[in-house]
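The block underneath contains the structure these notes are about, expressed in structure tokens.
The values are calculated or read from the model by the stated rules, or taken from the named source; none is laboratory data. A quick note: this is a predicted structure, and the numbers were derived from the prediction, not measured. Every residue, glycine among them, receives a Cβ derived from its backbone with ideal geometry; neighbour counts consider all protein chains shown.
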Amino acid sequence: MDRPQGSKESRPGVAEIDKPVEQSVTRDVDVDALSRPVLGEHWIRTGAEQRSGFVAVFRRLVVRTYPAALKDSQGTNTRVPAPGDTGASVP
């Protein structure tokens, strides 16, 4: 049986970075807070069980999306500025 296109097996080079990305997302990303604006006005109209279910699915989406993006960006340099850092040089 063929694997779905988005499965780890069909994403060469991605499976080995899934675990570290999952750990990083769990530690560094407030998926609960990100979920609210994603649902927008629907957040208020959903019950706690629906919100919890959405957050769980959204977390999996974030964890599955970032490894592929990181693999695609191999060989490039990315700078993540600190909050408030405008990137401007100070003489």
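Results for (1) modelled with pLDDT of 75 or more; (2) surrounded by fewer than 13 Cβ atoms within 10 Å (Cβ to Cβ), shown as yes or no for each residue.
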{"site": "Gln5", "(1), (2)": "no, yes"}
{"site": "Gly13", "(1), (2)": "no, yes"}
{"site": "Pro20", "(1), (2)": "yes, yes"}
{"site": "Ser35", "(1), (2)": "yes, no"}
{"site": "Leu39", "(1), (2)": "yes, no"}
{"site": "His42", "(1), (2)": "yes, yes"}
{"site": "Phe54", "(1), (2)": "yes, no"}
{"site": "Arg59", "(1), (2)": "yes, no"}
{"site": "Val62", "(1), (2)": "yes, no"}
Before we move on, is Arg59 assigned to a helix (DSSP H, G or I), touching a residue at least 24 places away in the same chain (Cβ under 8 Å), charged (D, E, K, R) and within 25 Å of Ala82 (Cα to Cα)?
yes
Quick check on region 64-73: of everything there that is surrounded by 12 or more Cβ atoms within 10 Å (Cβ to Cβ) and of a type in the set (A, V, I, L, M, F, W, C), which residue is nearest to Asp28 (Cα to Cα)?
Leu70
